[in-house]
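J.: One structure, pasted below without further comment.
The values are calculated or read from the model by the stated rules, or taken from the named source; none is laboratory data. What you see is a predicted model; the values in this text were computed from it and never measured. Because the Cβ atoms are built from the backbone with ideal geometry, glycine has one as well, and the counts that use them run over all protein chains shown. With ligands, DNA and RNA removed, areas are computed over all heavy atoms of the protein, side chains included. Shrake-Rupley method; radii C 1.70, N 1.55, O 1.52, S 1.80 Å.
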Amino acid sequence: MKYLRPYDLAREHGISTQAVRNYERDGFIPLARRTASGYRTYTEVHAAALRAYLALVRAYGYATGGEIMRSLNTGDLDAALTAVDRGHAQLLRDRSTLDAVGRAVEHLTRGPALTEHTSSAGGEPLSIGELARRLGVTAATLRNWEAVGILTPAREPVTGRRSFGVTDVRDAELTHLLRRGGYPLEHIRTVVRQIRTAGGTEALSAALDDWRRRLTARGVAMLDAAARLGGYVTLLDIAPAGPPAAGEPAPAPGSPSTV
């Protein structure tokens with residue numbers, strides 16, 4: 001068996017030997033054997049673990065990557081796979097949200113100019129009642145959107161009445177579309193804040209393109225991590241026997257095996 005030094009593992013990835021020791025301490029790679037003089041010695045199993053961990057970090061982040069490796073290194077394959085599944089589910093949700101926001105932005109861009117959403121009195125902002133009628137919702141719904149931080153209307157100095165300007169109308173339109181798509185208010189609040197930060201629908205379109213590229217990059221990173229992880233699981237020899245081939249029914253519990 002070929003033995004490796006901390007330096008050998010570190011050099012492959014351009015990291016420090018202290019980082020390798022830290023990963024061992026935190027359970028991301030198995031414990032090293034020690035020589036009689038106390039020096040660490042690693043094997044190809046440790047090298048595979050480090051490759052898998054760093055690939056997982058790129059795909060899922062430090063927290064999830066560490067959770068997966070600690071689970072594997074304690075023999076809990078199901079816990080590791082559950083964490084992987086959560087990561088894929090999150091990516092799918094992010095893609096779904098991206099598509100929904102893209103459709104909403106396209107709708108707002110193709111629809112009537114936002115200035116047409118204001119009242120006819122010289123382009124004055126809308127009252128809560130006017131905006132509610134415009135969207136076909138109740139004033140109570142708009143107040144709820146405000147309470148959770150989605151809408152931030154101005155208040156008239158004397159009466160304290162809400163005043164919804166062009167940006168507020170845009171945010172309300174987008175919220176209405178996403179709510180019809182079944183998205184929770186907490187998620188919509190994040191999306192609307194991203195639009196405000198981007199500076200409007202045109203700037204958001206560019207931000208959405210960047211978001212899509214990042215999601216694609218994450219998906220590719222997950223593919224690489226899956227390959228690294230599969231190799232490491234094989235080395236650990238902790239996977240159960242594989243499922244039957246496609247189209248071949250699984251045997252009933254207790255049925256005799258066939259040859």
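J.: Going by accessible area, probe 1.4 Å, with all protein chains left in place, what is the ranking of TRP211, TRP145, largest first?
T.: Most to least solvent-accessible, the answer reads TRP211, TRP145.
J.: May I ask you to evaluate 6.51 cos²θ - 1.76 cosθ + 1.60, the Karplus curve with θ = phi - 60°, for each residue of the stretch 154-159 and list the ³J(HN,Hα) values in order in whole Hz, giving x for glycine and proline?
T.: In residue order, the calculated couplings are 6, 10, 5, x, 8, 8 Hz.
J.: Here's something else I'd like to know. To the nearest 10 square angstrom, how much accessible area does SER163 have with a 1.4 angstrom probe?
T.: About 30 Å², ignoring ligands and nucleic acids.
J.: Once Lys and Arg get +1 and Asp and Glu get -1 on their Cβ, which of GLY38, VAL84, ILE68 lies farthest toward the positive end of the dipole of the stretch 1-92?
T.: GLY38
J.: Quick one: net charge around ARG228, please, counting Lys, Arg +1 and Asp, Glu -1 for every other residue with C-beta under 15 Å from its C-beta.
T.: -1
J.: Quick one: 3J(HN,Hα) in Hz for the stretch 87-102, Karplus 6.51/-1.76/1.60 with θ = phi - 60°, rounded, Gly and Pro as x.
T.: So the J values, rounded to whole Hz, are x, 5, 5, 5, 5, 5, 5, 5, 5, 5, 5, 4, 5, 5, 5, x.
J.: Once amide H atoms are placed 1.01 Å from N in the peptide plane, what residues at a sequence separation of 5 or more from LEU4, or on another chain, have their amide H within under 5 Å of its amide H?
T.: Hits under the 5 Å cutoff: TYR42, THR43.
J.: Rank ARG155, ARG196 by accessible area, highest first, at a 1.4 Å probe radius?
T.: Per-residue accessible area, sorted high to low, gives ARG155, ARG196.
J.: Arrange the residues TYR53, TYR39 by how much accessible surface each exposes, largest first, with a 1.4 angstrom probe.
T.: Result of the area sort, largest leading: TYR39, TYR53.
J.: Here's another thing I want to ask about it. Rolling a 1.4 angstrom probe over the protein chains, ignoring ligands and nucleic acids, what is the accessible area of SER71 in square angstrom, nearest 10?
T.: Accessible area, nearest 10 Å²: 20 Å².
J.: Starting at the first residue of the stretch 70-84, write each ³J(HN,Hα) from the Karplus equation 6.51 cos²θ - 1.76 cosθ + 1.60 with θ = phi - 60°, in whole Hz, x for Gly and Pro.
T.: My calculation for the stretch 70-84 gives 4, 5, 5, 6, 9, x, 9, 5, 4, 5, 5, 5, 5, 5, 4 Hz in order.
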